[in-house]
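Scroll down for the structure; my scribbles are underneath it.
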Amino acid sequence: MLLIKWIGKRAVGNLGSADILLIVAMGSAVGDAMFYPTIPLAVALTVISLVAAFQKLVVDLQIKYESVRKLTHLPTTKLVENGKLLKENFPAADIDNEDVLMLLRQSGIRDLSVVQHAYYERSGALSIFKYENGNLITSILPEDIEDIDTFSSKK
């Protein structure tokens, strides 16, 4: 518990791939010591301490050096601009049309034309900035989508 507190507070929804690897590594180290009686608990505690120290070092380096942060963090990617899907940005974000539309709908967006900008964040969430008064001309509700591949070319 002290090692987790030392690493820093993080919400479960904001766990990145490095955080997941950290959890798996720690779980494996503890599991081996509990499952195999020949492995002393001190070995598991040493492994956990080393993994936690390495994680803390990486976080500190990310804070201090922007070049390290750029290597370890995916950039925020713009996926929607002025009511149009920016499909050319989808591969960089490793996302497709259906996922973008799902994230928009989960945020309460019914029509793409009300979205001024939408950014795909590191956490997997979508930050959405809407127009004050949208036209409501490009519905993204599943029953209104005829051909999802030509969707953004309707405008």
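The values are calculated or read from the model by the stated rules, or taken from the named source; none is laboratory data. Note that this is a predicted model, so its numbers are computed, not measured. Note: ideal-geometry Cβ built from the backbone for every residue, glycine included; neighbour counts use all protein chains shown. Remember, those area values only see protein heavy atoms, side chains included, never the ligands or the DNA or RNA. Shrake-Rupley method; radii C 1.70, N 1.55, O 1.52, S 1.80 Å.
Data table
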quantity	calculated
Residues that are under 22 Å from LEU126 (Cα atoms), assigned to a helix (DSSP H, G or I) and basic (Lys, Arg), drawn from segment 49-87	ARG69, LYS70, LYS87
Residue selected from segment 97-122 under the condition hydrophobic (A, V, I, L, M, F, W, C) and assigned to a helix (DSSP H, G or I), by the criterion most open to solvent (accessible area, probe 1.4 Å)	MET102
Number of the condition not met by GLY27 [criteria: (1) surrounded by fewer than 12 Cβ atoms within 10 Å (Cβ to Cβ); (2) touching a residue at least 12 places away in the same chain (Cβ under 8 Å)]	(2)
Residue in segment 124-133 that is least open to solvent (accessible area, probe 1.4 Å), counting only those that are outside any strand (DSSP E or B) and under 17 Å from ASN89 (Cα atoms)	GLY124
Qualifying positions in segment 31-81 - under 24 Å from LEU103 (Cβ atoms), open to solvent by 80 Å² or more (accessible area, probe 1.4 Å) and not hydrophobic (A, V, I, L, M, F, W, C)	PRO75
